[in-house]
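The values are calculated or read from the model by the stated rules, or taken from the named source; none is laboratory data. What you see is a predicted model; the values in this text were computed from it and never measured. Glycine gets a Cβ as well: all are built from the backbone with ideal geometry, and neighbour counts include every protein chain shown. Note: accessible area is taken over every heavy atom of the protein model, side chains too, but ligands, DNA and RNA are not part of it. Shrake-Rupley method; radii C 1.70, N 1.55, O 1.52, S 1.80 Å.
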Amino acid sequence: MNGSALLIRAQVIRTIREFFWEQGFLEVETPLLIPANAPEEHIDPVPALPWQLQTSPEICMKRLLCRGHRRIFQISHCWRAAERGSRHLTEFTMLEWYRADADYRDLMLDCEGLLRCVADRCGIERQFSRNDIQIDPHVVWQRFSLQEAFLRFANADALTSVQNGLFDELLVSKIEPALGNFYTPVIVADYPAEMAALARLKQHDPQFAERFELYVGGLELANGFSELNDPAEQRQRFEQANKVRAQRGAAALPLPEPFLAELSAMPPSAGIALGVDRLVMLTAGCATIDEVVAFRPEDL
Amino acid sequence: MLSVADLKKGIKLIIDGDPYVVTAFDFVKPGKGQALYKCKMKNMISGVTLDRTYRSGENFEPASMDERDMEYLYKEGTHYTFMDQQNYEQVVMEEDAVGDAKNFLLENTKVSVLLFGDKPIGVTLPNFINLRVTQTDPWLKGDTSGSDSKPATVETGYVLRVPPFIEEGELIVIDTRTGDYSTRVKG
């Protein structure tokens, strides 16, 4: 990592804090070592016996919503076993923020404000860059429903692609590269219900959930949704995730019982996770995640 | 067997019976989706490149390669014959597989031959090889064209640029990695 990426990293993190403080959010810290994460089909926690390291701070942050906090954010380290590539580190830095009495559309507005603020205060010519393309967050952002993106870029139906198991392959081989051609950030909204274990379903179209992804230069930057706050349905989705895990030979994960016990107290809320390392990559124009951290795991 | 987790740049594996070398590799994982491995590979025989996306859990057969010291014997049409220095067995290679090495092969040249099973798929030459110049124009003293090199043909028929002072019949050293003139052999 060169000195200038280290400086930009520090500036981006300071700017994130300034932005959320200015918006009246409370900065919180929740434990990194926890007895149970939200079980996910394809996310494996790093064990730290007898518990595990957090894969996301979502469980504890939602419990803070249950206790009456209304606008909270956190910048914390997360761990996901065996995830390592040019855009992945097993240990990475995540920004999460949550709003009570809000839905995923409020988060989209937060994303616009945050990215404009980061580009203004840290960006080169107030822009982001990826693969030699400049991305301007100050103009109107491109938006697609996930179904539109599938039809337009993969020539496939999203729901059919979930059924035949090609969803993820089409996403990485067709859709993400196509999103890399836009000169504005891109929001892809409304994912198939199966692809959104913690999201509320769309009221008028329950095959889809109120989940969206934010892409900049084809790089997946953030994933937000209107939070599910029905404990019974949430438990059933966690159990379903463990069933899928069993099918792929992965260990079943313990359920976060205190979270399920408190969930009915959570107001209608929206929450989002944003990869801070990736935001630094886009701000500094770095091609790989290795370039924006002080140490790579291979160097330790 | 290799698993996807073993894949990285430089790994050789068999796909549809052909040996491939991995030229680029990345771990990708969309949103909450499954781990996928994007792989660029090059067919070690045809040179054709291939893009594939694999899921975790998939397995591959490694392409085991054997490199043997051999001596180049002779050429017949587009077939080049080499002899194993250990067991004196002969192998025949197609011109395509010999590639640019054909420009530098003289009878009895010692080379290293890459074998995929019994099939020879590549030749590695010594980095420097001596070849005799069979044709080049004499250097005209007082040439004011300013040119600091001229074409020369060597005994394999290969044509390269050499300094103006090189004469017909001289032995020169060629860098086989670039195909360029390196120096002249004195005496």
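Quick notes on this one:
- Test: B:Lys29 is out of contact with any Pro (no Cβ under 8 Å at 6 or more places or on another chain), at pLDDT 90 or above and open to solvent by less than 40 Å² (accessible area, probe 1.4 Å): yes
- Count - residues of the stretch B:77-128 that are in contact with an Asp or Glu (Cβ under 8 Å, 6 or more places away or on another chain), of a type in the set (D, E, K, R) and assigned to a strand (DSSP E or B): 2
- Here A:Asp190 passes the criteria (1) under 19 Å from the mean Cα position of the chain (by Cα); (2) farther than 25 Å from A:Gln236 by Cβ; (3) more than 10 Å from every other protein chain (Cβ to nearest Cβ) except the one numbered (2).
- Of all the criteria given as (1) away from chain B (no Cβ under 11 Å); (2) open to solvent by less than 10 Å² (accessible area, probe 1.4 Å), the one not satisfied by A:His204 is (2).
- Search result, residues across the stretch B:136-160 that are assigned to a strand (DSSP E or B) and either touching a Lys or Arg at 6+ places or on another chain (Cβ under 7 Å) or open to solvent by less than 80 Å² (accessible area, probe 1.4 Å) (or both): B:Thr136, B:Lys150, B:Pro151, B:Ala152, B:Thr153, B:Val154, B:Leu160
- Residue match in the stretch A:135-142 (condition: more than 14 Å from chain B (Cβ to nearest Cβ), of a type in the set (Val, Ile, Thr), in contact with a Gly (Cβ under 8 Å, 6 or more places away or on another chain) and closer than 22 Å to A:Arg278 by Cα): yes
- For B:Asn103, the stated conditions do not hold, so it cannot be described as open to solvent by 30 Å² or more (accessible area, probe 1.4 Å), of a type in the set (S, T, N, Q) and over 27 Å from B:Val162 (Cα atoms).
- Selection within the stretch B:45-60 - in contact with an Asp or Glu (Cβ under 9 Å, 6 or more places away or on another chain) and within 14 Å of chain A (Cβ to nearest Cβ): B:Thr53, B:Arg55
- All of (1) among the aliphatic types (A, V, I, L, M); (2) surrounded by 22 or more Cβ atoms within 10 Å (Cβ to Cβ); (3) away from chain B (no Cβ under 11 Å) hold for A:Leu198 with one exception: (3).
- Qualifying residue in the stretch A:214-224 (condition: surrounded by 20 or more Cβ atoms within 10 Å (Cβ to Cβ) and more than 14 Å from chain B (Cβ to nearest Cβ)): yes
- The residue of the stretch A:49-94 that is farthest from the other protein chains (Cβ to nearest Cβ), among those that are modelled with pLDDT under 95 and over 25 Å from A:Glu291 (Cα atoms), is A:Pro50.
- Total residues in the stretch A:86-124, condition assigned to a helix (DSSP H, G or I), more than 14 Å from the chain's Cα centre (by Cα) and within 14 Å of A:Arg71 (Cα to Cα): 1
- Criterion violated by B:Pro151 - all others in (1) in contact with a Phe, Trp or Tyr (Cβ under 9 Å, 6 or more places away or on another chain); (2) at pLDDT 90 or above satisfied: (1)
- Looking only at the stretch A:43-59, and only at residues there that are in contact (Cβ under 8 Å) with a residue 40 or more places away in the chain and open to solvent by 30 Å² or more (accessible area, probe 1.4 Å), the one that is farthest from B:Lys32 (Cα to Cα): A:Val46
- Residue list for the stretch A:159-186, restricted to those being open to solvent by less than 30 Å² (accessible area, probe 1.4 Å), within 27 Å of A:Ala38 (Cβ to Cβ) and more than 13 Å from chain B (Cβ to nearest Cβ): A:Pro185, A:Val186
- The residue list B:Lys12, B:Lys38, B:Lys42, B:Lys29 contains one member that is of a type in the set (D, E, K, R), touching a strand residue (DSSP E or B) at 6+ places or on another chain (Cβ under 6 Å), within 14 Å of another protein chain (Cβ to nearest Cβ) and within 30 Å of A:Glu176 (Cα to Cα), which is B:Lys38.
- No other residue among B:Arg55, B:Arg68 is under 18 Å from the mean Cα position of the chain (by Cα) and open to solvent by 30 Å² or more (accessible area, probe 1.4 Å) apart from B:Arg68.
- Matching residues in the stretch A:112-145 - criterion: being touching an Asp or Glu at 6+ places or on another chain (Cβ under 6 Å) and either of a type in the set (S, T, N, Q) or buried (at least 19 other Cβ atoms within 10 Å of the Cβ) (or both): A:Gln127, A:Ser145
- Comparison of A:Ala82, A:Ala10 shows that the only residue that is small (Gly, Ala, Ser), surrounded by fewer than 22 Cβ atoms within 10 Å (Cβ to Cβ) and part of a helix (DSSP H, G or I) is A:Ala10.
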